[in-house]
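The structure appears below as structure tokens.
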Amino acid sequence: GQQVMQIPQYQHVQEGEDFTTYCNSSTTLSNIQWYKQRPGGHPVFLIQLVKSGEVKKQKRLTFQFGEAKKNSSLHITATQTTDVGTYFCAGLSNYQLIWGAGTKLIIKP
Amino acid sequence: NAGVMQNPRHLVRRRGQEARLRCSPMKGHSHVYWYRQLPEEGLKFMVYLQKENIIDESGMPKERFSAEFPKEGPSILRIQQVVRGDSAAYFCASSNTGTSVSYNEQFFGPGTRLTVL
């Protein structure tokens, strides 16, 4: 079946270091969405990418959608403690939203 | 402008009992999605409903689980004869457009934490 693989599962960083999570789809996606879930909370929509090669920025967050519309990445520059949580991608393919397993961002004390 | 409401927030059931989870979508939203999340794991899609119709139930177990979204009232996820493995957080999300439309941001409720003793 259709899958969206998301890596890594966890990433430990020192505060101030960068963080990146990647999603790869087995099929071409109509769009890709990114969500953030804080510990103990619920997922919150961050952004949606639709166009091939699209790049969008939200302050320290940069989102990319690959040229073939099969992969995407989220990069956070200079992480802060408020960035802690799990980041999910969700790709739309054949009218079905397929979720990645999430990458948990952990800030080392 | 109330968001997605879910109740109860916490539910404790003994093995063999029924669990009934409710979700009221955001005002104006007619598309509802249910997800299950085990501790330290990702979201697992269960079912997608539009008013009075099940659009996609490919993620829902064939037995003991059912979902509905009546014309009036909240969407209900029903789990019959619960087992310990059903313990999880169940999230509901709603959108004002379905997945046939290119833009379909989902708004999540706070979730129901189900514990089966």
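Some points to look at:
- The Cα atoms of chain B cover 40, 30, 29 Å along the three principal axes, with the biggest extent listed first.
- Within straight-line cross-link reach of A:Lys108, lysines at Cα separation under 26 Å, skipping those fewer than 8 residues along the same chain: A:Lys36, A:Lys57, A:Lys59
- A simple spin-label model places pseudo-atoms 7 Å from Cα toward Cβ; at B:Ser87 and A:Ile47 they are separated by 3.9 nm.
- Mean shadow area of the range A:20-78, taken as a quarter of the surface of its Cα convex hull (nm²): 4.4
- Under 19 Å of direct C-alpha separation, and excluding same-chain neighbours fewer than eight residues apart, A:Lys104 reaches these aspartates and glutamates: A:Glu15, A:Glu17, A:Asp18, A:Asp83, B:Glu40, B:Glu41.
- Where the Cα pairs of the protein assembly as shown fall when distances are cut into 10 Å bins, in %: 8, 32, 35, 20, 5, 0
- Largest-first ordering by accessible area, 1.4 Å probe, given options B:Arg15, B:Arg64: B:Arg15, B:Arg64
- GNM flexibility winner over chain B from B:Glu105, B:Glu40, B:Glu52 (Cα, springs under 10 Å): B:Glu40
The values are calculated or read from the model by the stated rules, or taken from the named source; none is laboratory data. Just so we're clear, the structure is a prediction, and the values are computed from it rather than from any experiment. Reconstructed Cβ throughout: ideal geometry from the backbone, glycine too, with neighbour counts over all protein chains shown. Please note that ligands, DNA and RNA were not included when accessible areas were found on the heavy atoms of the full protein model with its side chains. Shrake-Rupley method; radii C 1.70, N 1.55, O 1.52, S 1.80 Å.
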